[in-house]
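Report on the following structure.
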Amino acid sequence: GVQDGEAGALEFIAETHWNRGDRAKALEIYQKTLAVWRARGFREGEAGALLSLGFLYDFGGEYEKALSHHQQALSLSRLLGDQDGEAMALYGFARAIDARGNPDEALTQMETAVGIVESIRTRIAGTEHRAAYLASYQNLYQFYVDLLMRLHAARPAQGFDARAFQAGERARARSLLDVLSEARADIRQGVEPALLERERD
C-alpha cells in the first residue's frame, strides 16, 4: 500500500542519514517511520523501527531512551516469533544496561542473544548461508567479547577471559566447523554403528 511504500522510503532515507553520521536527522525520520508502521498496524515494521531508534539513542548516549525502545522491540519480536529481532533487541538492551553500569545483567542478556544466534545458524541450510548469517552478527559478538574482557579486568579470578577467548574463537571458526562437519558427513556412510558411537563419545 501507499503507507508501506512511504515507510519503506523513509527507512531508506533514515539509513542514508545514519550512514552519513547525521544522527539527529536519522532519529527524526525513524520516528516518522515508526508512526507510519503503527498507524498501518504492521508490527514487524514497528519492531524494526524501534530497534533502529534504540541503537541511535544508544550511540548518542541517551541510554534510558535506548533501553525503552529495545524493551519494546524485544516484546514485539517475541510476540511475533521473530528470533532475529529478539537477538538484536537483547543485544541493544544489553548495551544500554551495560552503559548504565550493570555489566553482569548485560552479560546475562548477551548470553541469551548469542544462544539465539547460534540456534538459528544451525537451522540454516548450506555452509555459505550459515557463514553469511553469522557474519551479519559480528558487532554482537564483538560486544560480547568486549564485555567479558571488561568483567575479567574487574574480577580476574572468575574465568571471564577464557569465556571471551572461546566466544571469539566460536565466532571466527564456526563457518570452518560447518565445512568440516559437512565434509565428514559423507564419510560416515556405511561405517559400523559401534565406530560412530565411539566418534560421538
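No value in this document is a laboratory result; all are computed from the given coordinates. Predicted model, so just to flag it, every value in this text is computed and none were measured. Because the Cβ atoms are built from the backbone with ideal geometry, glycine has one as well, and the counts that use them run over all protein chains shown.
Taken one residue at a time, the phi angles of the stretch 116-127 give Karplus couplings (6.51, -1.76, 1.60, θ = phi - 60°) of 5, 4, 6, 5, 5, 4, 5, 8, 7, 6, x, 4 Hz. Gly and Pro are set to x. Per-peptide packing, taken as the mean over residues of other Cβ atoms within 10 Å, places 157-170, 81-94 in the sequence 81-94, 157-170 from highest down. Classified by the C-alpha gyration tensor, the stretch 1-79 has an oblate form. Its axis ratio a/c, with a ≥ b ≥ c, is 1.5 or above, and a/b does not exceed b/c. Couplings 3J(HN,Hα) for the stretch 142-152, derived from phi with the Karplus relation 6.51 cos²θ - 1.76 cosθ + 1.60 (θ = phi - 60°), are 4, 5, 4, 5, 4, 4, 4, 5, 5, 5, 4 Hz, where x marks Gly and Pro. When the trypsin sites (Lys or Arg not before Pro) in the stretch 1-108 are filtered for DSSP coil states and for at most 11 other beta-carbon atoms within 10 Å of their beta-carbon, the remaining sites are ARG20.
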